[in-house]
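Here is the structure we will look at.
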Amino acid sequence: MSHAHTPGNGGADHPAAPMVEEITDFEVLEIAVRELAIEHGLFTAEDHRRFTEWAESIGPAAGSRLVAKAWTDPAFKARLLEDAVKACKEIGIDWAEPTGFGTPSDYMNLRVLEDTPTLHHVIVCTLCSCYPRPLLGMSPEWYRTTNYRRRLVRWPRQVLAEFGLILPPEVEVRVEDSNQKCRFMVLPVRPEGTENWTEEQLAEIVTRDCMIGVALPRPGRTADVHPMHKARRPVKGQAHSGEAAHESKK
Amino acid sequence: MPRSKPPEKSQPSAGKARFKVGDRVRVRDLPNLFYSRTQMYVRGIVGTIAACTYQDVIPEDEAFNRDGRLEQYYIVRFRQKDLWPEYPFDNDTLQTESPERWLEPVDG
Amino acid sequence: MSPRNKVARGRFALLEALKNRDKTWNALAPRYGVSNPNPPWKSSLIAMCDCLDAGGALPVLDRRHAEDELADSVYSDIPEPERQLLALAHTMLSRGLITESDLANRMRAVRARLEAV
């Protein structure tokens, strides 16, 4: 795309965001598989549109708002721990979306796991990749790897340390394996230094990783940045991208 | 698993829950007849009921698209040391869910 | 786990030909200066997986087990989300939900449509 009309030093007008300007075989494959599935009656185009709209509407922001509200409103926290699916409606998240009875893999059972100064929760699904999607959006790629799923149940402190989270032995680490129909989300301890913060301020430090339990919220930390980086010159045939650091321990 | 129709838990109750919070239970080591969500690593291990969650169709039926039997589900808490003898931290725990048929009472 | 999940034994020539890391989003996005971490078709793929589960054609747990198996073998060199897409197509071919010749024909037709002027 030409940017000839754009001022060189970044003026007031915004150039169109760049796009990948080629049609890849992967894009073609996705459309082709979907069209054949629809023609074979496996689902309808309308079903697909509805689920796509839903998939694009979810993300970890809902979970962040939920935690911030629980931190500032003790009565809400009590309702949340009592019946999380019901409490979610108070922040506009309906677990019955988009079908009226939830999605195929997000059963309408949610439990919020409350951390304390001596208890730390972390979630996993050893069976596949069950995840509280209505609140946290799509699971990160590492959550789905066999590496995380196999090792978190057995060596949780080792895995947490790889995320940069080292907890003292007196803190009980409790792994929650969501292998059936409950979905889980961690309610972390509100960190010091956030007194008098608004819900909006608080929500900013409650990142996705804090609600999975592989990180702790703290003032100034507003993004999940993992210590491992993509190799600049990866060895040919080596494990790819951000998973490399995790996968290497397999 | 296919959720082309609403879940069954709005149906009448499967009966009274056999276990209550705090009860000690052992995960049974039943054969896998085609399908189970009960992981091998908890089989035969003693844990404690941490929560009585909901009633739903058992996975063994649901996987085959049968209307299925309703059963009480529980969250069971295990000491990591009971799951993995070499586990080095005394306090650490693990919780996982189980339908009632996979649990048996432990006396004392 | 049922034996029908052993999907990694077969290879599909059509999908083997697509295993080009240079055309994955990880490779393309920086080349075009795009910061979106996922390709535009990712949410459509997720929705397709949900639809296949909801309709009963491919239950989520079967799909995930097949994905795990294929991710460690046939498509281990391809990053996500392309790997998930290849694994889904592979699993649907393995199960006879679609055929390789139908898919090849449809891919040609789709490309022609997208490139039409």
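Mind checking B:90-101 for the average number of partner chain beta-carbons within 10 Å of each residue's beta-carbon?
6
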Just order B:19-26, A:151-158 by mean Cβ neighbour count inside 10 Å, highest at the front, would you? A:151-158, B:19-26
Residue among C:L45, C:L85, C:L103 farthest towards the positive dipole end of the stretch C:42-116, charges placed on Cβ: C:L103
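Sort A:82-93, C:49-60 by packing, meaning the average of other beta carbons within 10 Å per residue, with the highest value first. List each step's numbers first, then the result.
On the way: A:82-93: 15.7, C:49-60: 22.2.
In descending order of packing, they fall as C:49-60, A:82-93.
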Span-like helix ranges in chain C, DSSP H, alpha carbon extent 20 angstrom or more, Kyte mean at least -0.5: none
Let me know the mean shielding of B:70-78 by other chains, meaning the per-residue number of their Cβ atoms within 10 Å of its Cβ. 2
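With a cut-off of 8 Å between alpha carbons and a minimum separation of six or more residues, what is the relative contact order of chain C in percent?
Values: 72 pairs, mean separation 39.3, N = 117.
For chain C, the relative contact order is 34 percent.
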Reachable aspartates and glutamates from B:K81, Cα under 17 Å, same-chain residues fewer than 8 places away excluded? A:E170, A:E172, A:E176, A:D177, B:D90, B:D92
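Just flag the GluC sites (Glu not before Pro) in the stretch B:71-103 sitting in loop per DSSP whose Cβ has no more than 12 other Cβ atoms within 10 Å.
On the way: sites: B:E71, B:E86, B:E97, B:E100; in loops: B:E86.
Answer in residue order: B:E86.
No lab work stands behind these numbers, since they all come straight from the coordinates. For clarity, every value in this text was computed on a predicted model and none was experimentally measured. In this analysis, Cβ positions are derived from the backbone assuming ideal geometry, glycine residues included, and neighbour counts consider all displayed protein chains.
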